[in-house]
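What follows is one structure encoded as C-alpha coordinates, with my remarks underneath.
The values are calculated or read from the model by the stated rules, or taken from the named source; none is laboratory data. Nothing here was measured: the structure is a model prediction, and the numbers come from that model. Virtual Cβ from ideal backbone geometry, glycine too; neighbours counted across all protein chains shown. Accessible surface areas use protein heavy atoms only, side chains included; no ligands, DNA or RNA. Shrake-Rupley method; radii C 1.70, N 1.55, O 1.52, S 1.80 Å.
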Amino acid sequence: MTATLPQVLTLVAAEDGALEPAIVAEVTAALNDLGGNTADPVWLAERRAADIGFSGTSPEMTAAVRTRLAGRSIDLHAQPAAGRKKRLLLADMDSTIVTTETLDELAAFVGIKAEIAAITARAMNGELDFETALKERVGRLAGLTETTLEQAYADVELSAGAETMVRTMAAAGARCVLVSGGFRYFTTRVASRAGFHDDYANDFIIEAGKLTGAVRLPILTKDVKLQTLNAEASTLAISPDMAMAIGDGANDLPMIQAAGLGIAYRGKPVVAEAAPARIDFGDLTTALFFQGYTRAEFVGG
(Lines give C-alpha, C1' and ligand atoms only; values in the text may rest on other atoms or scores of the structure.)
Protein backbone atom coordinates (compact mmCIF):
# COMPACT_ATOMS: atom_id res chain seq x y z
CA MET A 1 0.00 0.00 0.00
CA THR A 2 1.11 3.58 -0.64
CA ALA A 3 -1.59 5.52 1.22
CA THR A 4 -0.59 7.45 4.32
CA LEU A 5 -1.26 5.38 7.42
CA PRO A 6 -1.79 6.74 10.95
CA GLN A 7 1.22 5.09 12.62
CA VAL A 8 4.86 4.83 11.66
CA LEU A 9 7.54 2.40 12.82
CA THR A 10 11.12 3.60 12.49
CA LEU A 11 14.02 1.16 12.34
CA VAL A 12 17.55 2.48 12.87
CA ALA A 13 20.65 0.31 12.67
CA ALA A 14 23.63 1.11 14.88
CA GLU A 15 25.94 1.28 11.86
CA ASP A 16 25.70 2.33 8.23
CA GLY A 17 24.88 -0.56 5.92
CA ALA A 18 23.50 -2.78 8.68
CA LEU A 19 19.79 -2.33 7.96
CA GLU A 20 19.37 -4.76 5.11
CA PRO A 21 16.23 -4.51 2.95
CA ALA A 22 15.51 -8.09 3.97
CA ILE A 23 15.23 -6.99 7.61
CA VAL A 24 12.78 -4.22 6.67
CA ALA A 25 10.77 -6.75 4.66
CA GLU A 26 10.76 -9.14 7.63
CA VAL A 27 9.44 -6.44 9.94
CA THR A 28 6.81 -5.38 7.40
CA ALA A 29 5.61 -8.99 7.19
CA ALA A 30 5.50 -9.17 10.99
CA LEU A 31 3.31 -6.06 11.15
CA ASN A 32 0.97 -7.56 8.56
CA ASP A 33 0.84 -10.79 10.53
CA LEU A 34 -0.29 -8.74 13.56
CA GLY A 35 -3.26 -7.47 11.57
CA GLY A 36 -1.97 -4.07 10.54
CA ASN A 37 -1.97 -2.70 7.03
CA THR A 38 1.46 -1.45 5.96
CA ALA A 39 2.84 1.05 3.48
CA ASP A 40 5.95 0.70 1.37
CA PRO A 41 9.07 1.51 3.43
CA VAL A 42 10.59 4.96 3.16
CA TRP A 43 14.37 5.08 3.53
CA LEU A 44 15.61 7.94 5.72
CA ALA A 45 19.21 6.85 5.19
CA GLU A 46 20.08 4.00 2.86
CA ARG A 47 20.65 0.74 4.75
CA ARG A 48 20.69 2.68 8.04
CA ALA A 49 17.19 3.97 8.81
CA ALA A 50 13.71 3.35 7.43
CA ASP A 51 10.08 4.23 8.16
CA ILE A 52 7.23 1.77 7.75
CA GLY A 53 3.75 3.25 7.87
CA PHE A 54 1.14 0.99 9.44
CA SER A 55 -2.27 0.82 11.06
CA GLY A 56 -2.50 -0.65 14.52
CA THR A 57 -1.60 0.08 18.13
CA SER A 58 1.92 1.48 18.56
CA PRO A 59 2.89 -0.10 21.94
CA GLU A 60 1.72 -3.55 20.88
CA MET A 61 3.49 -3.34 17.54
CA THR A 62 6.69 -2.03 19.15
CA ALA A 63 6.82 -4.90 21.63
CA ALA A 64 6.21 -7.51 18.95
CA VAL A 65 8.84 -6.11 16.58
CA ARG A 66 11.37 -5.66 19.39
CA THR A 67 10.99 -9.34 20.20
CA ARG A 68 11.36 -10.21 16.51
CA LEU A 69 14.61 -8.23 16.25
CA ALA A 70 16.16 -9.46 19.51
CA GLY A 71 19.90 -9.96 19.17
CA ARG A 72 20.27 -7.40 16.38
CA SER A 73 21.71 -3.91 16.95
CA ILE A 74 18.64 -2.10 15.70
CA ASP A 75 16.76 0.62 17.57
CA LEU A 76 13.06 1.06 16.86
CA HIS A 77 10.13 3.20 17.78
CA ALA A 78 6.46 3.24 16.74
CA GLN A 79 4.35 6.38 17.08
CA PRO A 80 1.61 8.42 15.39
CA ALA A 81 2.80 9.71 12.03
CA ALA A 82 1.46 13.23 12.64
CA GLY A 83 3.52 15.74 14.62
CA ARG A 84 6.74 13.74 14.65
CA LYS A 85 9.16 16.64 14.28
CA LYS A 86 9.33 18.35 17.63
CA ARG A 87 9.57 22.07 18.33
CA LEU A 88 11.34 21.78 21.69
CA LEU A 89 14.29 19.67 22.81
CA LEU A 90 15.24 19.12 26.45
CA ALA A 91 18.37 17.03 26.95
CA ASP A 92 20.28 15.77 29.95
CA MET A 93 24.04 16.34 29.86
CA ASP A 94 26.02 13.65 31.71
CA SER A 95 26.11 10.28 29.92
CA THR A 96 23.76 11.71 27.31
CA ILE A 97 25.10 14.78 25.51
CA VAL A 98 28.57 14.05 26.90
CA THR A 99 30.11 10.62 27.29
CA THR A 100 30.93 10.77 31.00
CA GLU A 101 29.59 11.82 34.40
CA THR A 102 31.43 15.08 35.05
CA LEU A 103 31.33 14.77 38.84
CA ASP A 104 32.89 11.31 38.60
CA GLU A 105 35.69 12.74 36.47
CA LEU A 106 36.30 15.55 38.97
CA ALA A 107 36.55 12.96 41.73
CA ALA A 108 39.42 11.33 39.85
CA PHE A 109 41.56 14.37 40.69
CA VAL A 110 41.34 13.53 44.38
CA GLY A 111 41.57 9.75 43.93
CA ILE A 112 37.99 8.88 44.83
CA LYS A 113 36.43 8.34 41.40
CA ALA A 114 35.32 4.77 42.13
CA GLU A 115 33.55 5.82 45.34
CA ILE A 116 31.78 8.78 43.74
CA ALA A 117 30.89 6.79 40.60
CA ALA A 118 29.22 4.13 42.75
CA ILE A 119 26.99 6.78 44.34
CA THR A 120 26.25 8.31 40.94
CA ALA A 121 25.22 4.95 39.49
CA ARG A 122 22.81 4.25 42.34
CA ALA A 123 21.29 7.73 42.11
CA MET A 124 20.85 7.47 38.34
CA ASN A 125 19.09 4.12 38.74
CA GLY A 126 16.70 5.64 41.29
CA GLU A 127 18.14 3.78 44.26
CA LEU A 128 19.16 6.95 46.14
CA ASP A 129 17.53 10.34 46.62
CA PHE A 130 19.11 12.54 43.97
CA GLU A 131 19.47 15.69 46.08
CA THR A 132 21.04 13.85 49.01
CA ALA A 133 23.41 11.97 46.71
CA LEU A 134 24.45 15.18 44.96
CA LYS A 135 25.25 16.96 48.20
CA GLU A 136 27.26 13.97 49.42
CA ARG A 137 29.33 13.77 46.23
CA VAL A 138 30.05 17.48 46.05
CA GLY A 139 30.93 17.53 49.74
CA ARG A 140 33.69 15.04 49.03
CA LEU A 141 35.17 17.43 46.45
CA ALA A 142 35.74 20.33 48.83
CA GLY A 143 39.08 22.03 48.19
CA LEU A 144 39.26 21.33 44.44
CA THR A 145 40.46 24.39 42.58
CA GLU A 146 38.92 26.16 39.60
CA THR A 147 42.00 25.05 37.68
CA THR A 148 40.90 21.47 38.28
CA LEU A 149 37.50 22.30 36.80
CA GLU A 150 39.28 23.59 33.70
CA GLN A 151 41.30 20.40 33.46
CA ALA A 152 38.20 18.25 33.85
CA TYR A 153 36.33 20.17 31.15
CA ALA A 154 39.26 19.80 28.75
CA ASP A 155 38.63 16.04 28.78
CA VAL A 156 34.87 16.26 28.19
CA GLU A 157 33.76 14.69 24.91
CA LEU A 158 30.42 15.09 23.19
CA SER A 159 28.55 11.85 22.59
CA ALA A 160 28.46 10.63 19.01
CA GLY A 161 25.77 12.47 17.09
CA ALA A 162 25.06 14.99 19.85
CA GLU A 163 25.99 18.13 17.95
CA THR A 164 24.24 16.92 14.80
CA MET A 165 21.07 16.20 16.76
CA VAL A 166 21.00 19.62 18.39
CA ARG A 167 22.02 21.70 15.38
CA THR A 168 19.64 19.87 13.05
CA MET A 169 16.67 20.46 15.34
CA ALA A 170 17.71 24.09 15.88
CA ALA A 171 18.01 24.64 12.13
CA ALA A 172 14.49 23.27 11.72
CA GLY A 173 13.19 25.85 14.21
CA ALA A 174 13.17 23.89 17.46
CA ARG A 175 14.30 25.46 20.72
CA CYS A 176 17.06 23.35 22.27
CA VAL A 177 17.70 23.39 26.02
CA LEU A 178 20.31 21.52 28.06
CA VAL A 179 18.90 20.69 31.50
CA SER A 180 21.20 18.93 33.94
CA GLY A 181 21.47 17.86 37.53
CA GLY A 182 25.16 18.57 37.04
CA PHE A 183 26.83 21.96 37.12
CA ARG A 184 26.70 25.13 35.09
CA TYR A 185 30.48 25.33 34.92
CA PHE A 186 30.16 22.45 32.46
CA THR A 187 26.68 22.98 30.99
CA THR A 188 27.35 26.51 29.72
CA ARG A 189 30.42 25.28 27.86
CA VAL A 190 28.79 22.11 26.56
CA ALA A 191 25.66 24.01 25.50
CA SER A 192 27.70 26.47 23.45
CA ARG A 193 29.76 23.70 21.91
CA ALA A 194 26.78 21.55 20.89
CA GLY A 195 24.51 24.37 19.73
CA PHE A 196 21.89 24.61 22.51
CA HIS A 197 19.99 27.86 22.96
CA ASP A 198 20.07 27.75 26.77
CA ASP A 199 21.10 25.62 29.73
CA TYR A 200 19.92 24.99 33.28
CA ALA A 201 21.96 23.28 35.98
CA ASN A 202 23.27 23.55 39.53
CA ASP A 203 26.04 25.81 40.82
CA PHE A 204 29.09 24.98 42.88
CA ILE A 205 29.80 27.42 45.69
CA ILE A 206 33.36 28.61 45.12
CA GLU A 207 35.35 30.74 47.54
CA ALA A 208 38.95 31.90 47.11
CA GLY A 209 39.16 29.85 43.91
CA LYS A 210 38.19 26.55 45.56
CA LEU A 211 35.05 24.44 45.88
CA THR A 212 33.59 24.75 49.35
CA GLY A 213 31.86 21.40 49.06
CA ALA A 214 28.43 23.04 49.05
CA VAL A 215 25.82 23.45 46.29
CA ARG A 216 23.83 26.61 45.73
CA LEU A 217 20.15 26.07 46.53
CA PRO A 218 17.63 25.21 45.24
CA ILE A 219 19.01 22.07 43.60
CA LEU A 220 17.85 21.15 40.11
CA THR A 221 16.01 17.87 40.62
CA LYS A 222 13.82 15.63 38.47
CA ASP A 223 10.83 17.77 39.41
CA VAL A 224 12.62 20.91 38.23
CA LYS A 225 13.46 19.19 34.94
CA LEU A 226 9.77 18.47 34.44
CA GLN A 227 8.87 22.04 35.42
CA THR A 228 11.42 23.32 32.90
CA LEU A 229 9.84 21.23 30.16
CA ASN A 230 6.40 22.60 30.95
CA ALA A 231 7.63 26.20 31.29
CA GLU A 232 9.55 26.08 28.01
CA ALA A 233 6.56 24.58 26.23
CA SER A 234 4.28 27.27 27.68
CA THR A 235 6.64 30.01 26.51
CA LEU A 236 6.53 28.56 23.00
CA ALA A 237 2.74 28.19 23.24
CA ILE A 238 2.95 24.48 22.46
CA SER A 239 1.88 21.39 24.34
CA PRO A 240 4.47 18.98 25.82
CA ASP A 241 3.43 16.62 23.00
CA MET A 242 5.51 18.82 20.69
CA ALA A 243 8.63 18.36 22.84
CA MET A 244 11.36 15.77 22.82
CA ALA A 245 13.15 14.90 26.06
CA ILE A 246 16.16 12.62 26.28
CA GLY A 247 18.31 11.36 29.13
CA ASP A 248 19.67 8.28 30.84
CA GLY A 249 18.98 8.54 34.57
CA ALA A 250 16.07 8.31 36.99
CA ASN A 251 16.10 12.09 37.45
CA ASP A 252 15.26 12.40 33.73
CA LEU A 253 12.27 10.07 33.79
CA PRO A 254 9.47 12.55 34.62
CA MET A 255 10.38 14.84 31.72
CA ILE A 256 10.91 11.84 29.42
CA GLN A 257 7.46 10.51 30.23
CA ALA A 258 5.81 13.92 29.84
CA ALA A 259 7.27 14.71 26.41
CA GLY A 260 5.65 13.77 23.12
CA LEU A 261 8.87 11.94 22.26
CA GLY A 262 10.59 10.76 25.42
CA ILE A 263 13.79 8.80 24.89
CA ALA A 264 16.04 6.82 27.22
CA TYR A 265 19.52 7.08 25.72
CA ARG A 266 21.58 4.07 26.83
CA GLY A 267 19.25 4.34 29.80
CA LYS A 268 19.71 2.86 33.23
CA PRO A 269 17.42 -0.20 33.62
CA VAL A 270 14.68 1.66 35.49
CA VAL A 271 14.64 4.34 32.80
CA ALA A 272 14.87 2.08 29.75
CA GLU A 273 11.95 0.04 31.05
CA ALA A 274 9.68 3.04 31.67
CA ALA A 275 10.59 5.37 28.79
CA PRO A 276 8.23 5.55 25.79
CA ALA A 277 11.22 5.29 23.41
CA ARG A 278 14.80 4.13 23.79
CA ILE A 279 18.13 4.22 22.01
CA ASP A 280 20.18 1.20 23.02
CA PHE A 281 22.54 0.79 20.07
CA GLY A 282 22.86 3.82 17.80
CA ASP A 283 24.20 7.31 18.33
CA LEU A 284 22.12 10.40 19.06
CA THR A 285 21.21 10.95 15.42
CA THR A 286 18.80 8.06 16.00
CA ALA A 287 16.58 10.62 17.72
CA LEU A 288 16.44 12.55 14.44
CA PHE A 289 15.45 9.47 12.47
CA PHE A 290 12.70 8.79 15.03
CA GLN A 291 11.32 12.25 14.13
CA GLY A 292 11.39 11.48 10.43
CA TYR A 293 14.45 13.52 9.47
CA THR A 294 16.38 12.16 6.51
CA ARG A 295 20.16 12.07 6.55
CA ALA A 296 20.12 14.77 3.84
CA GLU A 297 18.52 17.11 6.40
CA PHE A 298 21.26 16.64 9.00
CA VAL A 299 23.26 19.71 9.97
CA GLY A 300 26.90 19.17 10.94
CA GLY A 301 27.07 15.49 10.20
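So the values come out like this:
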| item | result |
| --- | --- |
| Residue count, the range 9-29 (criterion: within 20 Å of Arg278 (Cα to Cα) and either open to solvent by 10 Å² or more (accessible area, probe 1.4 Å) or in contact with a helix residue (DSSP H, G or I) (Cβ under 7 Å, 6 or more places away or on another chain) (or both)) | 10 |
| Some residue of the range 148-155 being over 20 Å from Glu105 (Cα atoms), surrounded by 14 or more Cβ atoms within 10 Å (Cβ to Cβ) and polar (S, T, N, Q) | no |
| Candidate set from the range 128-143 (those that are in a loop (DSSP other than H, G, I, E, B) and out of contact with any helix residue (DSSP H, G or I) (no Cβ under 7 Å at 6 or more places or on another chain)); member that is most open to solvent (accessible area, probe 1.4 Å) | Asp129 |
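Residue by residue, here is whether (1) part of a helix (DSSP H, G or I); (2) open to solvent by less than 10 Å² (accessible area, probe 1.4 Å); (3) at pLDDT below 95 holds:
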{"position": "Val190", "(1), (2), (3)": "yes, yes, no"}
{"position": "Tyr200", "(1), (2), (3)": "no, no, no"}
{"position": "Leu226", "(1), (2), (3)": "yes, no, no"}
{"position": "Asn230", "(1), (2), (3)": "yes, no, no"}
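Residue by residue, here is whether (1) part of a helix (DSSP H, G or I); (2) hydrophobic (A, V, I, L, M, F, W, C); (3) in contact (Cβ under 8 Å) with a residue 12 or more places away in the chain holds:
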site: Gly182; (1), (2), (3): no, no, yes
site: Ile219; (1), (2), (3): no, yes, yes
site: Met244; (1), (2), (3): no, yes, yes
site: Ala264; (1), (2), (3): no, yes, yes
site: Arg278; (1), (2), (3): no, no, yes
site: Leu288; (1), (2), (3): yes, yes, yes
